[in-house]
Amino acid sequence: MTTATDVSTPPDYRHPKCYANTRGGCSTKISGEHYLSHGLIKLFSFDDPEFRIGHDNGLGVRRPVQPKEFKANVLCTTHNQALSPADDAAIAFASFLRGIALKWMGGTGEWGRAESITISGDDLQRWVLKMFLTHAAVGSFKLDGKQVNTPISADAVDLLLNRSQWPETWGLCVHGDPTNDMLKMDPFSVDVLENWWGYFPLLTTWDQTLCGGVAELTGVGLGISLFNQGRDVGALDDPRHPLRGSVQRPRSMSWVVDGVEKKIEFTWTDSWVHRTATWTMRR
């Protein structure tokens, strides 16, 4: 009689369908990675069993489907599970703002008492990156109206999996210039409960590699850069730049009505300077 012995997966195994396989560490099973966190879809659909979601650019998921089907087989189970804290951060961010929006109703409701929440900025930053990489992995971006293949750099994967530190001039940023309407900052309009997500990538012109973008979540533009956008030399002063005037890796974001503050505080593990971003609103 012989006994079968389980053979563990080699640490350098690279699943061919996992875009995060650049340094191995994959499991042998591929999993469905949601284009947008499943918890977010359930949150904004009010968990309606009849709700359907799809892409409106003719790419990705081309017809409305149930939330559980809004996914792509682009990550192995190991790397998918490792990124769950990023989903948690995005859901916490959106839940906080959605709760306020439901009470405020575009200024016709109640602002209420002061509130605050603390979220990992590192994980929210990774969520934005993950959302873009998932779309890039299936070729769901367009350039000049045409579908393009979008290479995923090894540097982007290392940042996603927390293998390397974000350079000072890369990473998450939010609205900081009132004249920049490409980077939104109004999470409390009535419309935001319907149009609560969107995205547009920034691709290099020479090979269409992902180099940044803006993910819109609950009426807030979460910009991200994967190279030096020129913040240090004034390139972000260009009125055509979608990240113009942005605040990089904010320490907090606050909205104030009649002196009452709703605040999201962010924790960061990097050593860079973190500024506050505050918007005073009128009824």
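The values are calculated or read from the model by the stated rules, or taken from the named source; none is laboratory data. Because the structure is a prediction, the values reported are computed rather than measured. All Cβ positions, even for glycine, are placed from backbone atoms using ideal geometry, and neighbour counts span all protein chains on display.
A few notes on this one:
- Just so you know, in segment 179-217 the residues that are more than 27 Å from Ile152 (Cα to Cα) and surrounded by 22 or more Cβ atoms within 10 Å (Cβ to Cβ) include one that is modelled with the lowest pLDDT, and it is Val192.
- Long-range neighbours under 7 Å by Cβ, at least six apart or interchain, first residue in contact (Cβ under 8 Å) with a residue 40 or more places away in the chain and farther than 19 Å from Ala90 by Cβ within segment 255-279, second assigned to a strand (DSSP E or B) and aromatic (Phe, Trp, Tyr): Trp279/Trp255
- So Lys17, is it touching a residue at least 24 places away in the same chain (Cβ under 8 Å), out of contact with any helix residue (DSSP H, G or I) (no Cβ under 6 Å at 6 or more places or on another chain) and under 22 Å from Ile152 (Cβ atoms): yes
- Strands (runs of 3 or more DSSP E) within segment 185-279 that include 3 or more residues out of contact with any strand residue (DSSP E or B) (no Cβ under 9 Å at 6 or more places or on another chain) and of a type outside the set (A, V, I, L, M): none
- Of all residues making up segment 117-171, the number that are in a strand (DSSP E or B) and either of a type outside the set (Lys, Arg) or within 17 Å of Asn21 (Cα to Cα) (or both): 9
- Within segment 150-168, one or more residues are touching a Pro at 6+ places or on another chain (Cβ under 8 Å), touching a residue at least 24 places away in the same chain (Cβ under 8 Å) and surrounded by 22 or more Cβ atoms within 10 Å (Cβ to Cβ).
- Within segment 59-109, being of a type in the set (S, T, N, Q) and not in a helix (DSSP H, G or I) holds for Gln66, Asn73, Thr108.
- Scan of segment 245-279 for residues that are touching an Asp or Glu at 6+ places or on another chain (Cβ under 6 Å) and over 18 Å from Thr118 (Cα atoms), ordered by number: Gly245, Trp272
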